[in-house]
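See structure below.
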Amino acid sequence: MTRFSRWILAAGLFPAFLALPAPPLAGALDPGRYVVLENGLRVFLYEKRDLPLVHVVTGFDLGSKNETGETNGFVHLLEHAILFRGSGDRAGLRRHGAYFNGSTGQDLAVFEISLPSAHAGFALRSQKDILFGFDLDPRELEAEKEVVLEELGEMEDDPDRAAADRVLREIFAGHPYGRSVYGDRGVIAAATAEGLLAFHRRFFTADNAAMAVVGDFETGEMERLVREVFGDLPRAGHAAAALPMAVPLGKDSVVRLEKDVTEGTLYLAFPAPDYNHPDGYAMRVLVEALGRGINPLLSARLRSERDTVQRVSMSYLEFRYGGAAVVAVKAVPSDLAAVERTALSVLKRAGSENYSKKDFLDPVAEMAAFDFLESAKNQIRFSSGQAEESGLQLAGSFVRHMLLNTREKPGRYLDEIGRIGSGDLRRTAARYFGRADHVVVTVAPRRGGPK
Amino acid sequence: MSLRTGRRAALLFLGLGLGLRAAAGAVPPERTVLASGIPLVFQRDAASAVTVVALVAPGGRAAVPRGQDGLATLTTRLSLEIPDEEKVRDLMAQATRTSFVCAEDFSAVVVECLSENLEAALKVTGRIVTSPLLSGLRVARAKELLSLYAREEADDPASAAHAAVLAGFFGGVGVGSALYGTEESLKAVDRKDVQAFYRSRFVRSSVFFVAVSDLDPGTVRGLLEKSFSGFPAAAPAALAAAAPEPPADRDIRLNRDTERAFIGRAFPLPAPSVRDHALGALLETAIGRGPGSRLWRLRAEERLAYTVDSRLTWTRGGGVLEVFLETSADKAGRAEEALDGVLERLRTDGLPAGELEAAKAMAAAGHLRAVEGKAARVRLLAGFEVLGLGFGHVAGLEGALDAVSGEAVDAYIKSVLAPERAIRIVVGPAGPAERK
């Protein structure tokens, strides 16, 4: 761990999650246990007994999607206030060796705590106090606003975070996802404690939440503890508001930013399937084949044509009401325009690529070809294996799935991935990358030197 | 759980079931010696069907001669260059990842793969690493890559500050040399230098393996013996261990045209014995790790920053502790004063018992989380071996933290946080004097 900083799903963690190998995942039937408390709180318990740790992640169906122009930044500010200014035994967290953190995303607000398993009871009680017993002193809010504004300043100075935030705002323009999850400076500055508390009362209810507990415990005992701690929360009768699906722009959008940097940064975004869309599995494999793992197709093509390219990465962001496929490139600034053209050209042609050896009729060509499909599927298996090692990552994935999944029978993740064929990749590429509604954001060194 | 919820659980998680196995738990790591004489530190861990293997060559940046900055990184990078495209493709298709690390005191080639593909992965990498193709063309290409990495490092204030601090404490040599080289050093380094560095470090008597896998130790040992038998049996390379020393000019300013300023202080620490390593970890935690740390009040109460943090770097000759915050440029002066005030109070008053106990709990739990993933654990096992702490320190750190007394930590703080030994660093907009 290099820095303690809160992380923001999608925007805040963008450079990090581009590097993360794991696709969205969640765990297993055995030895996990899913229960729904009388008050509506959804809970998943999963034993991971290799280390004496317990990880508790609680998510709420609340994100920047639930904000308006007048409240843009409330969820982010609320998350800060809950984590650092609200109620609960703060000194106890440190005394028990607890790591606790939170994140705000387009769809969800997520809070996590991880500590030695001997203190599992403390972890649950702490989550309950901090999240559901929240109160806020207006003076504390004023102090935290300054911290949030500092965070915005850091984001704006960082070429990756600034580009990631901008590219998502552009690709979802006109939809609630088009608001920055960091929030609007003016809204944050004007926010009041009453306003935030009203937001909290509305959304931080047991029946708008899901919790996963992963770690070194016995499932039956943990279920008893969870019921004991959270069972007395009331059922609020929360009704989640259904939002419209994000609609593609219908036209390209280009944003050029300048900062005091030496490297060039390029972000490209395309509309992509939402979390529950049947195309999601194919998109995961496609993104893996094109832009992740070892020397994927996009990276190979870009590097073969432009030797100024340093780094290429691609991510697929699946939200409840839409999605985005995002490419991030680091390159020599003077060559950014050419790199942009080449990358777009490769992606536009992705609908006619041969991804599998079986695509070749000629046996010699088949022998010589690289099987991007097989490689992508293996990358996903590998990433899934790696994700199994991290308790917090597992718990976060369980929560995300409990809150976002609307499919009755979605099928087993790796089985679904295994069924994807080369034709599925071409169809998906043509459907999502072969259209004229992508977004380009570049960050280049300031012309004429420092301002 | 009712039948209804049980059935719903089955439907819900059927969707993303990955077929996780019940974690059988990791067994303690063991050190054995392969038939080739190369040591292997191995830990069996059934948490995932993934294997991580590192070939560790002690030396790293500490072994880089003056004026040849970047040589260790360049050499390690080239030792992974696979000339046979077909073999590269095989590894890619199996999702096998090869990467390299160039740390302060060691270089490592790391292989991460699905365990079912370990044999193929080691067969290819073994052949390459034991006999890399260090051609002039490849050296030139690798130099270009290093230049790009250097630019990325320069764009990140925390990375740029870290590099400048190490350069300051180690006089720009060895650990203090530029990780990715400088324009001049990369021009100066040629193929022969790379070959000589490789031949001095990647020898049977120096290198060792670290592996964490769900496979049984015999299988992994057998595959390593089969694949890495080609290292020459030259004399072991000497290991440098320079201690960090405060430079004559302890004020470093890196001007950037940004809205924000990075403000840091860095202190040299004694060489890492088991006890001193634990003391360093406690100090790092107490100062800058998370809410409740000493720096946290600069964020929570003084409203000076979003990022406040501390960072510890260990070398065989000593450690370096960096404490820093990032703030708006207009708050930079106030932030510097506040940061110095926090450090001075800690040095004067020491760490109260409650804070020490909390730091122990935080450091121990943080360490557990840090070793949860196999790749991170392999790096720690390798690092502890090279530092002389031994791989057993991964399990022993908690006990070492526990053994630290209040008196010991206060004496340590007083000694290491001496302001006259600190480097003061600022990365951000030029102050009025510089603007003139």
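The values are calculated or read from the model by the stated rules, or taken from the named source; none is laboratory data. Just so we're clear, the structure is a prediction, and the values are computed from it rather than from any experiment. So basically every Cβ, Gly included, is an ideal-geometry build from the backbone, and we count neighbours across all protein chains shown.
Among the residues of the stretch A:62-102, those that are of a type in the set (Asp, Glu) and under 30 Å from residue A:176 (Cα atoms) comprise A:67, A:70, A:79.
Where in the stretch A:36-150 are there helices (runs of 4 or more DSSP H), lying fully within it, with 1 or more residues that are among the β-branched types (Val, Ile, Thr) and more than 11 Å from chain B (Cβ to nearest Cβ)?
Working: elements: A:74-84, A:90-95, A:120-132.
In the stretch A:36-150, A:74-84, A:120-132 are the helices (runs of 4 or more DSSP H) which contain 1 or more residues that are among the β-branched types (Val, Ile, Thr) and more than 11 Å from chain B (Cβ to nearest Cβ).
Taking the conditions (1) within 22 Å of residue A:312 (Cβ to Cβ); (2) out of contact with any helix residue (DSSP H, G or I) (no Cβ under 8 Å at 6 or more places or on another chain) in turn, residue B:147 satisfies each one other than (2).
Please verify whether residue A:383 is within 14 Å of chain B (Cβ to nearest Cβ), more than 22 Å from residue A:326 (Cβ to Cβ) and of a type in the set (Gly, Ala, Ser), treating the condition exactly as stated. It is false that residue A:383 is within 14 Å of chain B (Cβ to nearest Cβ), more than 22 Å from residue A:326 (Cβ to Cβ) and of a type in the set (Gly, Ala, Ser).
If you take the residues of the stretch B:1-60 that are among the basic types (Lys, Arg) and at pLDDT 70 or above, which of them is farthest from residue B:396 (Cα to Cα)? If we take residues in the stretch B:1-60 being among the basic types (Lys, Arg) and at pLDDT 70 or above, then B:44 is farthest from residue B:396 (Cα to Cα).
Give the stretch B:57-75 a look and list any residue that's in a loop (DSSP other than H, G, I, E, B) and of a type in the set (Gly, Ala, Ser), or say none. I'd like the intermediate steps shown before the answer.
Within the stretch B:57-75, the subset in a loop (DSSP other than H, G, I, E, B) is B:59, B:64-70.
Those that are in a loop (DSSP other than H, G, I, E, B) and of a type in the set (Gly, Ala, Ser): B:59, B:67, B:70.
Please enumerate the residues belonging to the stretch A:419-433 that are among the small types (Gly, Ala, Ser) and exposed (fewer than 15 other Cβ atoms within 10 Å of the Cβ). The one that is among the small types (Gly, Ala, Ser) and exposed (fewer than 15 other Cβ atoms within 10 Å of the Cβ): A:423. Checking B:400, B:364, B:382 one by one, the residue that is within 14 Å of chain A (Cβ to nearest Cβ), under 17 Å from residue B:274 (Cα atoms) and at pLDDT 95 or above is B:364 and no other. Just a yes or no: is a residue in the stretch A:141-150 farther than 20 Å from residue A:63 by Cα, of a type in the set (D, E, K, R) and in contact with a strand residue (DSSP E or B) (Cβ under 9 Å, 6 or more places away or on another chain)? Yes, the stretch A:141-150 contains a residue that is farther than 20 Å from residue A:63 by Cα, of a type in the set (D, E, K, R) and in contact with a strand residue (DSSP E or B) (Cβ under 9 Å, 6 or more places away or on another chain). If I filter the stretch B:292-304 for residues that are closer than 24 Å to residue A:97 by Cβ, in contact with a helix residue (DSSP H, G or I) (Cβ under 9 Å, 6 or more places away or on another chain), part of a strand (DSSP E or B) and basic (Lys, Arg), do I get at least one hit? No; the residues of the stretch B:292-304 include none that is closer than 24 Å to residue A:97 by Cβ, in contact with a helix residue (DSSP H, G or I) (Cβ under 9 Å, 6 or more places away or on another chain), part of a strand (DSSP E or B) and basic (Lys, Arg). When each of B:248, B:242 is tested for being closer than 28 Å to residue B:170 by Cα, aliphatic (A, V, I, L, M) and touching a residue at least 60 places away in the same chain (Cβ under 8 Å), the lone residue that passes is B:242.
May I ask you to verify whether residue A:55 is in contact with a strand residue (DSSP E or B) (Cβ under 8 Å, 6 or more places away or on another chain) and under 23 Å from residue B:357 (Cα atoms)? Let's see the steps before the verdict.
Details: in contact with a strand residue (DSSP E or B) (Cβ under 8 Å, 6 or more places away or on another chain): yes; under 23 Å from residue B:357 (Cα atoms): yes.
Judged against the criteria, residue A:55 is a match.
Checked across the stretch B:386-409, the condition of being farther than 20 Å from residue B:269 by Cα, part of a helix (DSSP H, G or I) and β-branched (Val, Ile, Thr) holds for at least one residue. Of the helices (runs of 4 or more DSSP H) that lie entirely inside the stretch B:150-225, those containing 3 or more residues that are more than 24 Å from the chain's Cα centre (by Cα) and surrounded by fewer than 23 Cβ atoms within 10 Å (Cβ to Cβ) span B:183-188, B:191-201. Scanning the stretch B:278-325 for residues that are farther than 14 Å from residue B:359 by Cα, out of contact with any strand residue (DSSP E or B) (no Cβ under 7 Å at 6 or more places or on another chain) and at pLDDT 95 or above yields B:314, B:315, B:316, B:317. Against the condition over 24 Å from the mean Cα position of the chain (by Cα), over 25 Å from residue A:79 (Cα atoms), exposed (fewer than 14 other Cβ atoms within 10 Å of the Cβ) and among the acidic types (Asp, Glu), how does residue A:218 come out, does it pass? Yes; evaluated as a whole, the condition is true for this residue. Taking the condition within 13 Å of another protein chain (Cβ to nearest Cβ) and closer than 29 Å to residue B:381 by Cβ, does residue B:140 pass? In short, no.
Which of the residues belonging to the stretch A:314-343 are closer than 30 Å to residue A:275 by Cβ and within 13 Å of chain B (Cβ to nearest Cβ)? Spell out how you get there, then give the answer.
Of all residues in the stretch A:314-343, those closer than 30 Å to residue A:275 by Cβ come to A:314-330, A:340, A:343.
A:318, A:328, A:329, A:330 - these are the residues of the stretch A:314-343 that are closer than 30 Å to residue A:275 by Cβ and within 13 Å of chain B (Cβ to nearest Cβ).
Before we move on, is residue B:79 polar (S, T, N, Q), more than 14 Å from chain A (Cβ to nearest Cβ), touching a helix residue (DSSP H, G or I) at 6+ places or on another chain (Cβ under 7 Å) and within 29 Å of residue A:372 (Cα to Cα)? So residue B:79 passes the test.
Does at least one position in the stretch B:97-115 carry a residue that is part of a helix (DSSP H, G or I), acidic (Asp, Glu) and more than 9 Å from chain A (Cβ to nearest Cβ)? So that I can check it myself, show each step before the final result.
Residues of the stretch B:97-115 that are part of a helix (DSSP H, G or I), as a first pass: B:115.
The next check asks that each one be acidic (Asp, Glu); those that pass are none.
No; the residues of the stretch B:97-115 include none that is part of a helix (DSSP H, G or I), acidic (Asp, Glu) and more than 9 Å from chain A (Cβ to nearest Cβ).
The test for being within 23 Å of residue A:173 (Cβ to Cβ), touching a strand residue (DSSP E or B) at 6+ places or on another chain (Cβ under 6 Å) and of a type outside the set (A, V, I, L, M) does not hold for residue A:318.
Identify the residue in the stretch B:95-124 that is of a type in the set (S, T, N, Q) and surrounded by fewer than 23 Cβ atoms within 10 Å (Cβ to Cβ) and, among all such residues, is farthest from the chain's Cα centre (by Cα). Full working, then the answer.
So in the stretch B:95-124, the residues of a type in the set (S, T, N, Q) come out as B:96, B:98-99, B:107, B:115, B:117.
Then keep just the ones that are surrounded by fewer than 23 Cβ atoms within 10 Å (Cβ to Cβ); that gives B:98-99, B:115, B:117.
Numbers: B:98: 17, B:99: 14, B:115: 25, B:117: 27 Å.
Only one residue fits best here, namely B:117.
Looking at residue B:334 and the list (1) buried (at least 20 other Cβ atoms within 10 Å of the Cβ); (2) within 25 Å of residue B:305 (Cα to Cα), which single condition is not satisfied? Going through (1) buried (at least 20 other Cβ atoms within 10 Å of the Cβ); (2) within 25 Å of residue B:305 (Cα to Cα) one by one, residue B:334 breaks only (1). Residues that are within 21 Å of residue B:173 (Cβ to Cβ) and either in contact with a strand residue (DSSP E or B) (Cβ under 6 Å, 6 or more places away or on another chain) or at pLDDT below 95 (or both) do occur in the stretch B:107-123, at least one of them. Within the stretch A:394-411, the only residue that satisfies the criterion of being more than 7 Å from chain B (Cβ to nearest Cβ) and among the charged types (D, E, K, R) is A:400.
For residue A:378, the criteria (1) in contact with a strand residue (DSSP E or B) (Cβ under 8 Å, 6 or more places away or on another chain); (2) more than 8 Å from every other protein chain (Cβ to nearest Cβ); (3) over 20 Å from residue A:49 (Cα atoms); (4) not β-branched (Val, Ile, Thr) hold in every case but one, which is (2).
Go through the stretch B:125-149 and count every residue that is surrounded by fewer than 22 Cβ atoms within 10 Å (Cβ to Cβ) and of a type in the set (Val, Ile, Thr). The qualifying residues number 2. Just the residues that are crowded, with 24+ Cβ neighbours inside 10 Å, in contact with a Lys or Arg (Cβ under 7 Å, 6 or more places away or on another chain) and within 11 Å of chain B (Cβ to nearest Cβ), please, taken from the stretch A:265-300. Answer for the stretch A:265-300, where residues must be crowded, with 24+ Cβ neighbours inside 10 Å, in contact with a Lys or Arg (Cβ under 7 Å, 6 or more places away or on another chain) and within 11 Å of chain B (Cβ to nearest Cβ): just A:265.
Restricting the stretch B:240-287 to residues that are of a type in the set (Asp, Glu) and not in a loop (DSSP other than H, G, I, E, B), which is farthest from residue B:361 (Cα to Cα)?
The extreme case among them is B:251.
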